[in-house]
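Novice: Starting off with a structure, shown below.
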Amino acid sequence: MTRSGRSRGLVAALVASLVVVFAPHGTAAVAHRGTPAGGGLTIGVLLPDTHTPRWTRSDKPLIEQRIRQLCRTCTVRYANASGDVAIQQSQVNSMIANGVRALILAPVESRALAPSVRQARQSGVPVVSYDRLADGPLSAYSGYDSVAIGRLQAQGLLASLGHGARQPRIVMMNGEPTDPNAKALRKGALSVFQGKARIVASYNTTGWIPQNAFTNTLAAVAKLGPHGFDGVYSANDGLATGIVTALKAEDVRPQPPVTGQDADLAAVRRVVGGEQAVTVHKSFSAEADAAAGMAVALARGTSIDAIAKQRISNGTDKDIPAYLGTPVAVNRSNVKQTIVDAGVYTVQQICTPTYLSACRDAGLTG
């Protein structure tokens, strides 16, 4: 064989070693790509930002712990995009180049990450979209039904406003406009508000950044006046932080009720203290367990049917295997049952000196 022939043969062998042949969703016939020296698998975990407390406080450790429980020889490669799409795209490419066998991806922007998801598929790397549904050819999704969450938020807001004769005036503080989750949340909320409330202003919050929600809230107060609205629909707890801060800065009294989701510790304290009407608890451990389980199974080339018992659609596919958890509305009257008794936070974590009186009124302390 000539030198050029031998070179072509080596290249062909190298390409063959990198190939993963996918069956439709759920399974993958995996070759020997991205196996560390110790014989384990490498799984990438990419989270979107650091300004949302849940990602680093809850999701990262829960996902990593579950992967290691399921696969003692697995290596977890972690990256956080700090809210920057270009950084996350680069992180995906880097992980693919460094031989990960599966990716768990919570996208900064779902549409913008679609080319990265396609690149992963072409490179034989299954992608499990996490909490936020990415565009592109996904292998699985672990998260929640955002339309249902939007309904819970809106129902909680209306309940806090009572049943007066006049329709309450609502300011809507939606999430990142390119995020399908934000659109689904808005859809769910509007289905409840229709005929029962008036939307007097609506804002999108670029990047899900609390500072942007703060700025939008100042704009709403300037436009409508401090008494020109009765409640604020907030798509998540991070945005609620910015909203409540802005309402205080503008000395809006009484403070109108605000919604949220994620049951961040600060939000649960606000619910107890009466500064936030409702948050929505999503079990991060269940969501993380499902994502980790699917990622490990896909990396090993085994079925995910026992975990992904539902189906969801994105802009690319209508039949993505999915784990969809059950969201729970949290208000002042049920914090003990939904948060404390469920082991999310302890009374000591919630009831700091600032909230001791409110905790007594909410029945958390004697």
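The values are calculated or read from the model by the stated rules, or taken from the named source; none is laboratory data. What you are looking at is a predicted structure, and each value in this text was computed from that prediction instead of being measured. Glycine also receives a Cβ, built like all others from the backbone with ideal geometry; neighbour counts cover every protein chain displayed.
Novice: Are any residues in the range 290-306 over 13 Å from the mean Cα position of the chain (by Cα) and buried (at least 21 other Cβ atoms within 10 Å of the Cβ), and if so, which ones?
Specialist: Hits for the range 290-306 are A290, A292, G293, M294, A295, V296, A297, L298, A299, I304.
Novice: Please verify whether the range 154-172 includes one or more residues that are more than 30 Å from A329 (Cα to Cα) and within 20 Å of the chain's Cα centre (by Cα).
Specialist: no
Novice: So A112 clears everything in (1) out of contact with any strand residue (DSSP E or B) (no Cβ under 9 Å at 6 or more places or on another chain); (2) free of Cβ contacts under 8 Å to residues at least 40 places away in the same chain; (3) not charged (D, E, K, R) except one condition, right? Which one?
Specialist: Only one criterion is unmet by A112, namely (2).
Novice: For the range 173-193, which residues satisfy the criterion of being of a type outside the set (G, A, S) and within 16 Å of the chain's Cα centre (by Cα)?
Specialist: The answer is N174, E176, P177, T178, D179, P180, N181, K183, L185, R186.
Novice: On the given criteria, is V100 in a loop (DSSP other than H, G, I, E, B), modelled with pLDDT of 95 or more, buried (at least 19 other Cβ atoms within 10 Å of the Cβ) and of a type in the set (A, V, I, L, M)?
Specialist: yes
Novice: Looking at the range 159-203, which of its residues are hydroxyl-bearing (S, T, Y) and either modelled with pLDDT under 95 or under 16 Å from V147 (Cα atoms) (or both)?
Specialist: Listed by number, the residues that qualify are T178, S191.
Novice: Return the residues of the range 206-232 that are outside any loop (DSSP other than H, G, I, E, B) and under 20 Å from A159 (Cβ atoms); say none if nothing qualifies.
Specialist: G231, V232
Novice: Determine if the range 129-139 includes at least one residue that is outside the structural domain of I304 (by TED's automatic domain parsing) and either surrounded by 23 or more Cβ atoms within 10 Å (Cβ to Cβ) or in a strand (DSSP E or B) (or both).
Specialist: No: the range 129-139 contains no residue that is outside the structural domain of I304 (by TED's automatic domain parsing) and either surrounded by 23 or more Cβ atoms within 10 Å (Cβ to Cβ) or in a strand (DSSP E or B) (or both).
Novice: When you scan the range 306-338, how many residues do you find that are within 13 Å of A140 (Cα to Cα), among the small types (G, A, S) and touching a residue at least 40 places away in the same chain (Cβ under 8 Å)?
Specialist: The total comes to 2.
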